[in-house]
Structure formats: C-alpha cells, structure tokens
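Asks: The structure follows.
Read the figures in this text as sums done on the coordinates, not as results from a lab. Keep in mind that what you see is a predicted model, and the values were worked out from it rather than measured. We place every Cβ from the backbone using ideal geometry, glycine too, and count neighbours over all the protein chains shown.
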Amino acid sequence: MTESKSRKRRWLVPGGIFIVLAGAAATLFLTVGNWLVVEDPLVHADVIVVLSGRLPERAVEAARVYHAGFADQVWISPPTSPVDDLKAMKIAYLGEDFYNEKVLIAKGVPPDTIRILERADANTEEEVRQIAEVLHSMDLHSAIIVTSKPHTRRVRTIWRKLVGSRPRMIVRYPQDDTYDGAHWWRHTQDSLDVVRETLGLLNAWVGFPVRPSQN
C-alpha cells in the first residue's frame, strides 16, 4: 500500500464522522425554530392565563379565546418590575399587568372576570408554580396558558416537570404571532427567542440550576 493511500484511509473515519456531525448540526440549526412551537387543541377550561411579556398580543389572544367560550375567567400573570424604585423617585409606573387588563377590557372581556395574580414572578418557572398553586387552592382543574410561539414548548416542559398532568394545562399562542420558526436566523428578535428558549429548555431539563437573580 502506498503512503498516499494509507494516509487517505487514516482520514476516512474521522472525515466521515465530521460529515455526519456537520449534517446533524445543520439539520438542528434549520429545524429548531419550528420545533420550539407547540400548541394543544382548545377545549373548555376553568381559566385562561396571560403570561407576562409581549404586550399586547398575548392579552389579545386571551380575549379571543374567552369570547370563543373556552373559559369564564382570565388571569393575568404580573412580571417583576421596577415599581418600588420608581415610586421612591416619585415616578408613577403602572406596570404590564395594568395594560394587559386594559387590553382585555378593550377587547370586551368583562372586568369582573379578570384577575391579576398577587405575586410578581421573575421567570416562567415562578409563573407556573404560582398558577398551579392558585388553581389547587380554588379546586380548579385546567388552564389555557397563552404565551408566544417560541415560548410554548418551554412552558409545556416546565409545567410537566413542576406540576404534572393535574391540573391540566393547554398551551396556546397568538394566531397573529409573527415569529418565523422556519427562518429564525433572519430576524434579530426571532434569533434571540430561539437562543433564550433553547437555553431555558436546557435549564429545565437539568433541574433548574440557573435561577433569577435576587435584587
């Protein structure tokens, strides 16, 4: 066997492995955007919950689901905010939950069917814990969770890990959400969503070692 043939044979297996890994990486890159998006069939539930973020599109979708008759209550999950710091400077800050409530009312949801949850939460894990706690305390059995497209798989994963199948969670995204999972790398916001959600899923899969900072 000539030296050149021997050299080629030595590189054959590593080269094949590299090609396979490169192909797998390319497939993952191209498909992860759509993989993040899940949605459950709508069925009647006890409540609809608007997760914090992406004002006003999540609240608009919650109103749409409410008017379609899938629940009789709409809850709003408030995020942590700089309200105390701003108040100390005599600056009024109404907060995202205030505006989500206004959106729901503007879309025809009766004010007496809207509830803002008491605790402001720093991340999805905390939101899920609080929603489940309130459902249990009121002996309720199901919730339609409204969030954005790329956030849906993480919400479902966190709910299953922390809550299980009872109460039941139905995940829903806004029908006019502009997220483009098939071409996520073309848009800054979509790219940020994919990176954040992928890291968030990894954090959930390994048991939530990364937690929000405490100020």
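Asks: Given the conditions (1) of a type outside the set (Phe, Trp, Tyr); (2) touching a strand residue (DSSP E or B) at 6+ places or on another chain (Cβ under 6 Å); (3) not in a strand (DSSP E or B), report the number of the one that LEU94 does not fulfil.
Replies: For LEU94, the exception is condition (2).
Asks: Does THR198 satisfy being surrounded by 12 or more Cβ atoms within 10 Å (Cβ to Cβ) and within 29 Å of ALA71 (Cα to Cα)?
Replies: On the way: surrounded by 12 or more Cβ atoms within 10 Å (Cβ to Cβ): yes; within 29 Å of ALA71 (Cα to Cα): no.
So THR198 fails the test.
Asks: For the structure I just gave you, tell me whether THR178 is within 14 Å of the chain's Cα centre (by Cα) and among the polar types (S, T, N, Q).
Replies: On the way: within 14 Å of the chain's Cα centre (by Cα): no; among the polar types (S, T, N, Q): yes.
For THR178, the condition - within 14 Å of the chain's Cα centre (by Cα) and among the polar types (S, T, N, Q) - is not met.
Asks: Only residues in segment 194-206 that are more than 13 Å from GLU125 (Cβ to Cβ) count as the first member; pair them with residues that are buried (at least 16 other Cβ atoms within 10 Å of the Cβ) and of a type outside the set (A, V, I, L, M, F, W, C), Cβ under 6 angstrom, at least 6 apart or cross-chain, and list the lot.
Replies: Qualifying pairs under 6 Å: VAL194/GLY33; GLU197/PRO150; GLU197/ARG154.
Residues checked against (1) buried (at least 18 other Cβ atoms within 10 Å of the Cβ); (2) assigned to a helix (DSSP H, G or I); (3) of a type outside the set (Lys, Arg):
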residue	(1), (2), (3)
ARG115	no, no, no
ILE131	yes, yes, yes
HIS136	no, yes, yes
LEU140	no, no, yes
ILE144	yes, no, yes
HIS151	yes, yes, yes
VAL155	yes, yes, yes
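Asks: Restricting to segment 79-109, and then to whatever is of a type outside the set (D, E, K, R) and touching a Phe, Trp or Tyr at 6+ places or on another chain (Cβ under 9 Å), can you tell me which residue is surrounded by the most Cβ atoms within 10 Å (Cβ to Cβ)?
Replies: LEU104
Asks: Do you know which residues across segment 157-193 are small (Gly, Ala, Ser) and either closer than 23 Å to ALA122 by Cα or buried (at least 20 other Cβ atoms within 10 Å of the Cβ) (or both)?
Replies: GLY164, SER191
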